[in-house]
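Okay, structure first, notes after.
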Amino acid sequence: MPKYNFQLNGRSVSIESWDPAQPLLYVLRNSLGLHGAKFGCGLAQCGACAVLIDGKAQRSCVFPVRQAAGRAVSTLEGLGTPEKPGVVQAAFVAQQAAQCGYCTNGMIMAAKSLLNQTPRPTLDQVKQGLAGNLCRCGTHTRIVQAVMLAAKA
Amino acid sequence: MNNISRRDLLRAGGAVVVSFALGSPKRAAAQASGAGVDIRKPLDPHEVDSFLAVHTDGSVTLYTSHVDVGVGLRIAMRQMAAEELGIPVERIAMVEGDTALTPDHGGTGGSTGIPRGGVDVRQAAATARQALLKLGAVQLQRPAAELTIVDGQVRPLAGGEGADIGKLIGDRRFGLKVDSKASLQDPARYAVVGKPLLRPDVPEKCTGKHVYVQDYSLPGMLHGRVIRPPAIGAKLLSVDEGSIRAIPDVRVVRIENFLGVVAPDEWAAVRAARELKATWSEWQGLPGNDGLERFIREGAVDRHQDLVSRGDPAAALSTTDKQFSATYEWPLQSHASLGPSCAVADVRVDGTTVWTSTQGTHGLRANLSKIFGIPVDKLRVIYLDGSGSYGGNGNDDAAADAVLLSKAAGKPVRVQWMRHDEHGWDPKGPAQLLDLRGGVDAEGRIVAWETEMWLPTSTPGNRPILGVDAAGIAQAHGQGAGQISQNGDPPYAAPNVRVTVHWTKETPLRISNLRAPGKIANSFAVESFTDELASAAGIDPVAFRLKGLTDPRAIEVIQRAADMIGWQARPSPSPSVASAQGNLLTGRGFSYVRYKQAENYVAMAMEVTVERTTGKINVQRVTCAHDCGLVINPDSLRNQIEGSIVQTLSRALHEEVKFDRSRVTSIDWASYPILTFPEMPAIEVALIDRPTLPPLGAGEASTAPVAAALGNAVFDATGLRLRAIPFTPARVKAGLMRS
């Protein structure tokens, strides 16, 4: 089986995939045991599967594993832990910006991506930055507040 | 910590043997052998030990059939128990929805998590408290009346040496019935209830450590996908297994019209399900969206029911100066869970275990037991968090899919639906149609009111499970969507009122409970029509409502919501409508509900702008005053209210399940859009706490006034009355062009 090498949360990994078109999401979840990224639609419409590739949020449900080769992939797990959360994660906890939490991965990754490019966003920039991420529980106000809080940190 | 954590139980899987006398979870897990479940813990919901165990180290485990689908029950229930037991919430673990471990005191839904689930646990904890005080009295040689429990210790009220509750009872059973008269802590002294404590699951949810059912796996597990027919009633004619030969290690499972694939590799299963060639028969049994109103109005009626019959509205209407009538429509809507339904099943000869995010583990067990002929004591259903479900989404169907595939494959199988499965096949919230008639007198009082509703009737038995029907296995074909006929009458003084339901036999698509079932549409109609009457009477909408109310709790929420938005008294529509020249029209709307006629008081005000050229509605601000009796956790409650508002705005602005003669055609987020971040309004919530009153549920009530407040605001801004959901730009624009 073909092998693909990439950086994952700061470490080199090498994984096999029978199909070079296999979306990175399945590789992360099933081969690498990282469950932060979630399957939401498989159509790049909702954002639940987002990961950072070279610092930018990408939809891993449609991102072929072959394209990950040689690149730096960060997942939600790479940003922090419950005991030592990253800045965005800590802001989400502080604002209790989750209900079911299924979209939370995508929200945090999109926020991270936004803050990488726009460290001090306006409220409108945050809303626009999250425009492609769906939340069904309606936690929008808290998610936006959490991103604004993270931007101040 | 020596308590049995949820994670340990999960790790132990279907083979867990929990020994409560021994306590150690690791040991319990190590004892696991075979699929036999040897649980000696009581499950009778009349027993204290069914609900809680106090461990030797002073930690406590709570057991409940009510599950936290993201609503904050996990912290609120801990707070209610902690208050009675005199221990910090951090020392409490919870086991939710496990048929082998939790008493069945109701499934999750109808906003019963607190008023039933939490209250039951609280009463068990209050009973345990009395027992602990008695044990402490013996140990400390003082009368129980002179003792209290603080920080996990029974202590004299006057101070002095105490005794740890863990030492007093330490993993032994209380052996007591829950005492419904066991006294509860005095609300004036609450130390834990009423505090905005942080939910324990949020840090794990934010770091990828939280175990959802979608994340659960077992050794040797296969991944399954089910291929649904291209038309709802189509029969499977043939399958070409050669079409997926290039995909490794896939097995096709065909049971009559049930078609699935299993594979060790998930992506292989996904591709196989997508690429497998199958031929299905034609079927065109649906009315299609366009024919829906006729389908409902002209369909066969099972029975007519008068819900309210007061005075003589027909006679009163005929003598009223001003009579009005209007028809309101609510479409079929999807739960549209962000993550598609998922389940893991392990079917073995000596017992079956199902991991699922169903809202009713015990109900699902009973149903699966009947369907598959597995005795209930050989079938264990374990809840794991899933994507928010808001009622009966595809979870129960996915559980049956997993059972069918595991049985066929002889291995544990995880089934996750694809996006088109969830949007296409989840049972839907029903379509609703309401005709209203009303009249006001010269002083602007409601003198007569009639509501006629067309609602799908409930029939006994479980909702049919998709895979089970497809596989040709006999099952019940019940129908129901919850208490959908409530809130059809105005919550205001009116001498002549009739509310009639025409319970229709048929519904085009399978239905189930969808958050605040029925009441969102009913309240939309009633509160919009109230606004129509107020406008016709030339009276300010808030003043019009207050005129018909005497209950101080109702009046308080209405005044609070109005004050928060800076409500200026004047009739609707806005006087600026006639003169407005620009593209942007501005207005405000109001709505009020007494949820289920006897529960929460909720009032809501909303400010909107409407773009004349596009018909797009922008919701600027929402204020909500909410009275649900005793508040357990104000922050978690706010989260629920904010979520209810945003989700219902989404339903009101965007959502309608589309279908043609054969199938649902709104099968992704492009064809079934929901509200996005740029559309989110500013939301202000006022909580009115009633510490001496019982706590009511709060997962639903604040959804009910949303659509009417929105429609009333659009009317105020434009003079256009919207009576059909969703308020899409096209519909608004067409309405504005007409008027």
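Of note:
- Dividing the summed helix terms, -39500 (n - 2.57) for each DSSP H run of n ≥ 4, by the number of residues in chain B produces a 222 nm estimate of -8500 deg cm²/dmol to the nearest 500.
- Top positive-direction residue, dipole computed over segment B:43-184 with Cβ charges, set B:VAL69, B:GLY97, B:ILE169: B:ILE169
- More than 46 angstrom apart: percent of Cα pairs within the protein assembly as shown: 27
- Secondary structure note: in chain B, about 75% of the DSSP beta bridges are antiparallel.
- Positive contributions from Lys and Arg (+1) and negative ones from Asp and Glu (-1), summed over other residues with Cβ under 9 Å from the Cβ of B:GLN647, come out at +3.
- Computed over segment B:436-547, relative contact order equals 32 percent, with contacts defined as Cα pairs under 8 Å that lie 6+ residues apart.
- Overall form of segment B:346-412 per C-alpha gyration tensor (a/c, 1.5; a/b vs b/c): prolate
- Among B:GLY360, B:THR507, B:PRO678 the positive-end extreme of the charge dipole of chain B (Cβ point charges): B:GLY360
- Shape category assigned to segment B:518-738 from the gyration tensor of Cα positions, a/c cut at 1.5: oblate
- Relative contact order computed over segment B:608-670 (Cα-Cα under 8 Å; 6+ residues apart), in percent: 13
- Normalised contact order of chain B, rounded percent, pairs of Cα under 8 Å and 6 or more residues apart: 13
- Near-label residues of segment B:145-188 by backbone N, under 11 Å of a point 7 Å along Cα→Cβ of B:HIS46: B:177-178
- Highest mean first, the peptides B:703-710, A:81-88 sorted by other C-beta atoms within 10 Å per residue fall in the order B:703-710, A:81-88.
- Paramagnetic label zone (point 7 Å from Cα along Cα-to-C-beta, B:ALA493; backbone N under 15 Å) in segment B:430-456: B:441-448
- Among the residues of A:32-44, the average count of other protein chain beta-carbon atoms within 10 Å of the residue beta-carbon is 6.
- Cβ-based exposure ranking for A:MET1, B:MET94, B:MET564, in which fewest neighbours within 10 Å come first: A:MET1, B:MET564, B:MET94
- Computed over neighbours whose Cβ is under 13 Å from that of B:TRP280, the net charge equals +2, Lys and Arg +1, Asp and Glu -1.
- Sorted largest first, the spans of the alpha carbon positions of segment A:80-152 along the three principal axes are 27, 27, 16 Å.
- Residue exposure sequence - B:VAL664, B:VAL252, B:VAL344 - by fewest surrounding Cβ within 10 Å: B:VAL252, B:VAL664, B:VAL344
- Here the calculated FRET efficiency for B:ARG731 and B:GLU506, from their Cβ-Cβ distance with R0 = 22 Å, stands at 0.25, rounded to the nearest 0.05.
- Of the DSSP H helices in chain B, those with a Cα length along their own long axis of 27 Å or more and a mean Kyte-Doolittle hydropathy reaching -1.0 comprise B:119-140, B:634-653.
- Scalar couplings 3J(HN,Hα) for segment B:150-167, obtained by applying the Karplus form with A = 6.51, B = -1.76, C = 1.60 to θ = phi - 60°, are 10, 6, x, 10, 7, 9, x, 4, 7, x, x, 5, x, 10, 5, 5, x, 7 Hz; x denotes Gly and Pro.
- Antiparallel content of DSSP bridges confined to segment B:518-738, in %, to 5: 80
- Rounded FRET efficiency, nearest 0.05, which uses the C-beta distance separating B:LYS658 from B:LYS322 and R0 of 35 Å: 0.40
- Order of B:THR64, B:THR530 - criterion: other Cβ atoms within 10 Å of each residue's Cβ, fewest first: B:THR530, B:THR64
- Converting phi to 3J(HN,Hα) with the Karplus coefficients 6.51, -1.76 and 1.60 and the offset θ = phi - 60°, segment B:333-345 yields 10, 9, 5, 6, 4, 5, x, x, 4, 8, 7, 10, 10 Hz in sequence order, with x at every glycine or proline.
- Given charges at beta-carbon only (K, R positive; D, E negative), |dipole| of chain B in Debye: 720
- Judged by the ratio a/c of the largest to the smallest principal axis of the C-alpha gyration tensor, chain B counts as oblate, that ratio being 1.5 or greater while a/b is no larger than b/c.
- Ranking B:GLY719, B:ASN618, A:VAL13 by how far each Cα lies toward the positive end of the dipole of the protein assembly as shown (charges on Cβ) leaves A:VAL13 at the top.
- Nearest-0.05 FRET efficiency for B:GLN597 and B:ALA315, computed from C-beta distance (R0 30 Å): 0.75
- Helix A:140-152 axis, angle to chain A major axis (alpha carbon atoms, nearest 10°): 90
- Share, in percent, of DSSP beta bridges within the protein assembly as shown that are antiparallel, nearest 5: 75
- Theoretical gain in end-to-end length, B:LYS235 to B:ARG303 [0.36 nm per residue, Cα-Cα removed]: 21.2 nm
- Neighbour net charge for B:GLN568 - beta-carbon separation under 13 angstrom, K R +1, D E -1: -2
- Segment A:85-105 and segment A:1-29: distance between their alpha carbon centers, rounded to Å: 27
Computed from the coordinates by the stated procedures, all read-outs in this text should not be read as laboratory data. Bear in mind the structure is a predicted one, so any value in this text is a computation, not a measurement. Cβ sites come from the backbone with ideal geometry, for glycine too, and all protein chains shown count toward neighbours.
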